[in-house]
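A short write-up of the structure that comes next.
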Amino acid sequence: MTPQFDRIRDSFARQSFMQTLQVRLAHIEHGRCTLVAPVLPHTTQQHGAGHAGVTFTLGDVAAGYAALSVMPEGAEVMTAEIKINLLRPAMGETLEATGEVLKSGRRLIVVRSDVHAIIGAKRTLIATLLGTMVPVDP
């Protein structure tokens, strides 16, 4: 484990909303982050699918930590803008979001995330996000 990834794990552990959603930081590497969360009874919408707000949150946070993983020690990032395409209802037991850096610059970091719904061994792409993260002072 590197100090860079330790700081991301520490940052993730301080996010109370991620704790509320029972999100787990499954994988982190340079320019890439994967989060996993159960579809909980209190995070579904009226048709029984996982709520799009949870899908968006997972994609945004995965992309944000992917961006942070390419930043120097002591840097922070925030979402400047992010767009989501909801492709299918989030019908699954678990949601998995993988964020990745497409291009990292001094002022802007372009990111994307794919979110899958998982039932057993079946993975279904339910959303894709494209956005921009910006470095901010800690």
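Tabulated data for the structure shown
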{"quantity": "Qualifying residue in the range 25-47 (condition: surrounded by fewer than 16 Cβ atoms within 10 Å (Cβ to Cβ) and either within 15 Å of V111 (Cβ to Cβ) or touching a Phe, Trp or Tyr at 6+ places or on another chain (Cβ under 8 Å) (or both))", "calculated": "yes"}
{"quantity": "So A80, is it surrounded by fewer than 14 Cβ atoms within 10 Å (Cβ to Cβ) and either closer than 20 Å to H27 by Cβ or touching a residue at least 24 places away in the same chain (Cβ under 8 Å) (or both)", "calculated": "yes"}
{"quantity": "Some residue of the range 40-50 being among the β-branched types (V, I, T) and under 19 Å from R112 (Cα atoms)", "calculated": "no"}
{"quantity": "Count - residues of the range 5-24 that are under 14 Å from the mean Cα position of the chain (by Cα), aromatic (F, W, Y) and surrounded by 11 or more Cβ atoms within 10 Å (Cβ to Cβ)", "calculated": "1"}
{"quantity": "All positions within the range 108-136 that are out of contact with any strand residue (DSSP E or B) (no Cβ under 7 Å at 6 or more places or on another chain) and either farther than 16 Å from V36 by Cβ or part of a strand (DSSP E or B) (or both)", "calculated": "I119, K122"}
{"quantity": "Residue in the range 74-87 that is basic (K, R), more than 16 Å from V23 (Cβ to Cβ) and within 15 Å of the chain's Cα centre (by Cα) present", "calculated": "yes"}
{"quantity": "When residues of the range 51-68 are limited to those that are over 19 Å from I118 (Cα atoms) and among the small types (G, A, S), the one surrounded by the most Cβ atoms within 10 Å (Cβ to Cβ)", "calculated": "A63"}
{"quantity": "Any hit, the range 63-75, residues being closer than 21 Å to L125 by Cα and touching a residue at least 60 places away in the same chain (Cβ under 8 Å)", "calculated": "yes"}
{"quantity": "Those residues of the range 89-107 which are outside any strand (DSSP E or B), surrounded by fewer than 14 Cβ atoms within 10 Å (Cβ to Cβ) and touching a strand residue (DSSP E or B) at 6+ places or on another chain (Cβ under 6 Å), in sequence order", "calculated": "E93"}
{"quantity": "Qualifying residue in the range 120-136 (condition: at pLDDT below 95, exposed (fewer than 14 other Cβ atoms within 10 Å of the Cβ) and closer than 27 Å to P72 by Cα)", "calculated": "yes"}
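The values are calculated or read from the model by the stated rules, or taken from the named source; none is laboratory data. Predicted model, so just to flag it, every value in this text is computed and none were measured. Cβ atoms come from the backbone with ideal geometry, glycine included; neighbour counts cover every protein chain shown.
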